[in-house]
Amino acid sequence: MARALSVDLRDRVVAAIASGLLRRQAAVRFGISTASAVRWQQLANQHGTPAPQQQGGDRRSMRIEAHAGLILDAYKATPDITLAELQALLAYHGTEVALGMIWRLFARRGIKCKKRQRTPPSRIVPTS
C-alpha cells in the first residue's frame, strides 16, 4: 500500500491553488499528479484540511463487539470452549465471523485462550 504524501506538501498545494494557480499548474509545480491536486482541494473544501485519513486498522470490530456479551457469557460458562465452537455459536445466532475476529475480541480484553494438547503420560520416559 502506498504511503500518503506529507501534510506540508498538501498544505502548500492547496495554498497555491487558493492563491490563484490552476490545479494542473500547481500539480506540475509541486511534481504531483493532477488528480492528487484535485482530491486535496476537495478534501480542504469539505473538511477544512487536506490531511490524509488514517490507513489500516481493524474496521470491522464493531460487528463482533455487538455480540461480545454472548461470547463472553459462553466463555465464562465453559472456559475450555474453542474458537471454532464460539464461531458456530455466532453462526447459530445469525452472524458469520472469522476465527481471527473472535481472537482479537479476546486479545482486546486481555483474555488468553491457549489450548494445550493433552499428551497421555508415557510409561517409559517422563514427559513434561
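Values as computed for the structure displayed
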quantity	calculated
Search result, residues across region 43-68 that are outside any helix (DSSP H, G or I), of a type outside the set (Gly, Ala, Ser) and closer than 19 Å to VAL7 by Cβ	THR49, PRO50, PRO52, GLN53, GLN54, GLN55
From GLY56, GLY31, residue being outside the structural domain of GLN87 (by TED's automatic domain parsing), farther than 30 Å from THR95 by Cβ and not hydrophobic (A, V, I, L, M, F, W, C)	GLY31
Selected residue (only one of ILE81, ILE71, ILE17 is assigned to a helix (DSSP H, G or I), hydrophobic (A, V, I, L, M, F, W, C) and within 30 Å of LYS112 (Cβ to Cβ))	ILE71
Selection status of TRP40, under 30 Å from SER6 (Cα atoms) and of a type in the set (Phe, Trp, Tyr)	yes
Qualifying positions in region 91-101 - under 28 Å from GLY57 (Cβ atoms) and either assigned to a loop (DSSP other than H, G, I, E, B) or without any contact (Cβ under 8 Å) to a residue 24 or more places away in the chain (or both)	ALA91, HIS93, GLY94, THR95, GLU96, VAL97, ALA98, LEU99, GLY100
Among (1) exposed (fewer than 13 other Cβ atoms within 10 Å of the Cβ); (2) modelled with pLDDT under 90; (3) not β-branched (Val, Ile, Thr), the one test that GLN42 misses	(2)
Scan of region 33-88 for residues that are among the β-branched types (Val, Ile, Thr) and within 30 Å of LEU22 (Cα to Cα), ordered by number	THR34, VAL38, THR49
Residue match in region 116-124 (condition: among the hydrophobic types (A, V, I, L, M, F, W, C) and either farther than 27 Å from ARG3 by Cβ or loosely packed, with under 10 Cβ neighbours inside 10 Å (or both))	yes
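Residues checked against (1) in contact (Cβ under 8 Å) with a residue 40 or more places away in the chain; (2) touching a Cys at 6+ places or on another chain (Cβ under 7 Å); (3) of a type in the set (Gly, Ala, Ser):
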| residue | (1), (2), (3) |
| --- | --- |
| LEU9 | no, no, no |
| SER19 | no, no, yes |
| LEU43 | no, no, no |
| GLN46 | no, no, no |
| PRO50 | yes, no, no |
| LEU72 | no, no, no |
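The values are calculated or read from the model by the stated rules, or taken from the named source; none is laboratory data. None of these values were measured; they are calculated from a predicted model. As a convention, Cβ positions derive from the backbone with ideal geometry for all residues, glycine included, and neighbour counts pool all protein chains shown.
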